[in-house]
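The values are calculated or read from the model by the stated rules, or taken from the named source; none is laboratory data. Since the model is a prediction, treat every value here as computed from it, not as a measurement. All Cβ positions, glycine included, derive from the backbone under ideal geometry; neighbour counts span all protein chains shown. To get the accessible areas, we keep the full protein, side chains included, count just its heavy atoms, and leave off ligands, DNA and RNA. Shrake-Rupley method; radii C 1.70, N 1.55, O 1.52, S 1.80 Å.
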Amino acid sequence: MSQVMASPSGGSVTRTKKSGASKSPRVRFEPTKGFQHELKSRVEEYFAATGKTPRGSTAIYRKAIVILAWLAGSYAALVFLPLPLWGSIAAALSLGLATAAVGFNIQHDGGHRAFSDNTLLNKASAFTLDIVGASSYIWNHKHNVLHHTYANIEGHDDDIDLGVLGRLSPHQKYLWFHRFQHVYLWFFYGFLTFKWFFVTDFVRAMSGKINTHSFPRPKGMDLFLFVLGKVIFFSLAFVIPALIYPLPIVIAFFMGIQFVQSVIISVVFQMAHTVEEAEFPIPEGTPPERIRNEWMIHQIETTVDFARNNKLLGWYIGGLNFQIEHHLFPRVSHVHYPALSRIVEETCAKYGVTYTAHPTLFHSLRSHYRWLRTLSHPTPA
Ligand SMILES: [Zn+2]
């Protein structure tokens, strides 16, 4: 049953200084004072009592088939059917939505080895990310290791780093144009995947670096799958459509599809971590730096749930409206998060840990807007 549990991988990541000359030890968290033990055993009891497997199993296999059929149907309609313009736009919109759904529901669970008890099925579901454009190998280091271990810690969590474009943490440098970020960032969210697919993946694979963190460059089978994924994606996105349509049309539709899925992916992430209620703690002391909190409480205080009663939204975004539960138990499939959220909330209440959930998507969007506006000033309000 220990496979249920999250493992703070604070022991597996090193952070190198910008010069690359020396390696500083990783951030460490405080030992648990009881909360972590109790929460883990309550969740273990839940799975023992219900007889359910923590992985997605049959429920997620069915869901994966539906979403993959949606993806393939949208692609086939867009590329191979002689549709009028409005029909092509509808098919492109559907393809953008389906692509994001593949990431949320299939790849994300697979990448966390929560999709199935079968290793090969987990790898295959994780590889769906490569087919829709991004390397699952790089994602594993960026998301699984850095983001999940060091959520909202500036300099360690790459997901809160937008470069000069925006300021998501109060510990990031203020630039004069950030005063408008609560207005313009929503548009720039639409370009997330362009940089990711065409630049960032390749730079990281060649350098073995994600910002200041080092990771092993892909070799052997990992390198083969990296290249294979890019070949499949570029063939599906450009080569096959260009055999039928003029290239400018192909590029225009590609950009529209990517814009749709980029906005959705960005906004879902921002709802969970960059809202007014999320904490942005900074590590203290000389290396090894310390976070003055136990790891699970750190995850809860840096993450916010939203719209927990919205079943349709929860189905579409792969339970990522339950991000607290996901951060605590990433090896548990998202199909279990609604049940786990009751256990987590009760345990938080007992230990006086702040558990935050926005009642609706709108509340969450508003909170993200306000947070961006707060950080649009040189010093946070
Ligand atoms: Zn995750």
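The table below lists the values:
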{"quantity": "Cβ-Cβ FRET estimate between residue 38 and residue 245, R0 fixed at 41 Å, reported to 0.05", "calculated": "0.10"}
{"quantity": "Segment residue 286-residue 343, extension gain: residue separation times 0.36 nm, minus the distance between their alpha carbons", "calculated": "16.9 nm"}
{"quantity": "On Cα atoms only, tilt of 361-374 relative to the major axis of the chain in degrees", "calculated": "70"}
{"quantity": "Region 2-374 - Rg and Dmax from Cα coordinates, angstrom", "calculated": "20.6, 64"}
{"quantity": "The chain: angle of helix 119-131 to the longest principal axis, Cα-based, in degrees nearest 10", "calculated": "60"}
{"quantity": "Positive-end residue of 247, 88, 260, charge dipole of region 2-374 with Cβ unit charges", "calculated": "247"}
{"quantity": "The chain: calculated mean residue ellipticity at 222 nm from DSSP helix runs of at least 4, using -39500 (n - 2.57)", "calculated": "-15500 deg cm²/dmol"}
{"quantity": "Within the accessible area of region 326-381 (1.4 Å probe), percent carbon and sulfur", "calculated": "58"}
{"quantity": "Segment residue 214-residue 228, extension gain: residue separation times 0.36 nm, minus the distance between their alpha carbons", "calculated": "2.7 nm"}
{"quantity": "FRET efficiency for residue 69 and residue 184, using Cβ-Cβ distance with R0 set to 25 Å, rounded to 0.05", "calculated": "0.10"}
{"quantity": "Surface per residue (accessible, 1.4 Å probe) for the chain, Å²", "calculated": "46"}
{"quantity": "Aspartates and glutamates whose Cα lies under 20 Å from that of residue 195, excluding same-chain neighbours fewer than 8 positions away", "calculated": "130, 157, 158, 159, 161"}
{"quantity": "Relative packing of peptides 64-76, 310-322 - highest average C-beta neighbours within 10 Å first", "calculated": "310-322, 64-76"}
{"quantity": "Members of 40/219; 123/173; 173/209; 63/123; 63/142 lying beyond 29 Å, as alpha-carbon distances in this model show", "calculated": "40/219; 123/173"}
{"quantity": "Efficiency of FRET between residue 50 and residue 350 - r from beta-carbon atoms, R0 22 angstrom, step 0.05", "calculated": "0.55"}
{"quantity": "Contour minus Cα-Cα distance for residue 309 and residue 199 (0.36 nm per residue)", "calculated": "35.8 nm"}
{"quantity": "Accessible surface of region 187-325 [probe 1.4 Å, protein heavy atoms]: carbon and sulfur percent", "calculated": "72"}
{"quantity": "Principal-axis tilt of helix 57-80 within the chain, Cα atoms, nearest 10 degrees", "calculated": "30"}
{"quantity": "Share antiparallel - DSSP beta bridges, the chain, percent rounded to 5", "calculated": "55"}
